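Data block below; observations after.
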Amino acid sequence: MDKIAIFPGSFDPYTMGHHDIVLRSLDLFDQVIIGVGYNSTKKNRYFDIDLMVEKIEGVYRAIPRVKVIVYNELTSTLAKKHDAGFLIRGLRNTTDFEYENTISQMNRYLNDDLETVFLITSPQYASISSTIIREVHRYGGNVSEFLPYDI
Ligand code: ADP
């Protein structure tokens, strides 16, 4: 049976840090589904969701084992729909850990067939966050080095 994993996030924008997590996940899973979601606490996106999906699809055009979808529901429900047994999340620091720990406990409660797999950030991407990239972009800074596509 294929090992299917979902990598959910806001991806506002999708960064080299996210890209690194997906490339490493391809060594662990048969299929990786990138789920671009509307996070209830981050309702107003900076980058348009359709644009972001188009950009992410472009990055993985030559890798059919990666799919990109938009979703607006519980991640645990999304996983069931796609027969995904795994959720992938990235960890940069203890702040990420505290947040991810509670989410993963809840996801496990909601869907006990779902295992969250955490990948520790690669050191060169440890300080990249979507938040900081949005801020730099907003004020006209060059962020191209931190994104796996042109924007
Ligand atoms: P969310 O809004 O769900 O936190 P994000 O788009 O901010 O979504 O991040 C999605 C996932 O990617 C999270 O698990 C986050 O910790 C992880 N992530 C973000 N940036 C990096 C990075 N530079 N290295 C590794 N993981 C990262």
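Just one of the numbered conditions (1) within 11 Å of the ligand (Cβ to nearest atom); (2) among the aliphatic types (A, V, I, L, M); (3) touching a strand residue (DSSP E or B) at 6+ places or on another chain (Cβ under 7 Å) is not true of LEU26: (1).
Given the conditions (1) more than 12 Å from the ligand (Cβ to nearest atom); (2) closer than 18 Å to ILE151 by Cα; (3) polar (S, T, N, Q), which single one is not true for THR15? Going through the list (1) more than 12 Å from the ligand (Cβ to nearest atom); (2) closer than 18 Å to ILE151 by Cα; (3) polar (S, T, N, Q), THR15 breaks only (1).
Checked against (1) of a type outside the set (S, T, N, Q); (2) surrounded by 15 or more Cβ atoms within 10 Å (Cβ to Cβ); (3) under 13 Å from the mean Cα position of the chain (by Cα); (4) within 19 Å of ASP12 (Cβ to Cβ), VAL70 passes all but a single condition, namely (2). For region 131-151, name all the residues that are among the hydroxyl-bearing types (Ser, Thr, Tyr) and either under 21 Å from TYR60 (Cα atoms) or assigned to a helix (DSSP H, G or I) (or both). THR131, SER144, TYR149, listed by residue number.
Let's see how each residue does on (1) within 10 Å of the chain's Cα centre (by Cα); (2) closer than 17 Å to THR116 by Cβ:
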position	(1), (2)
PHE7	yes, yes
PHE11	yes, no
HIS18	yes, yes
SER25	no, yes
ASP30	no, no
ASN44	no, no
MET52	no, no
GLU57	no, no
ILE63	no, no
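Among residues of region 78-96 that are farther than 15 Å from PRO8 by Cβ, those with a Cβ under 7 angstrom from a residue that is assigned to a loop (DSSP other than H, G, I, E, B), sequence gap 6+ or separate chain, pair up as ARG92/THR121; ARG92/ALA126.
Filtering region 88-107 to residues that are near the ligand (Cβ under 9 Å from one of its atoms) and surrounded by 14 or more Cβ atoms within 10 Å (Cβ to Cβ) leaves ILE88, ARG89, GLY90, LEU91, ARG92, ASP96, GLU100, ILE103. For region 108-130, filtered to residues that are within 12 Å of the ligand (Cβ to nearest atom) and in a helix (DSSP H, G or I), the residue that is surrounded by the most Cβ atoms within 10 Å (Cβ to Cβ) is SER130.
Throughout, read-outs are computed from the coordinates displayed, never taken from laboratory work. Please read all numbers here as calculations on a predicted model, not as lab measurements. Because the Cβ atoms are built from the backbone with ideal geometry, glycine has one as well, and the counts that use them run over all protein chains shown.
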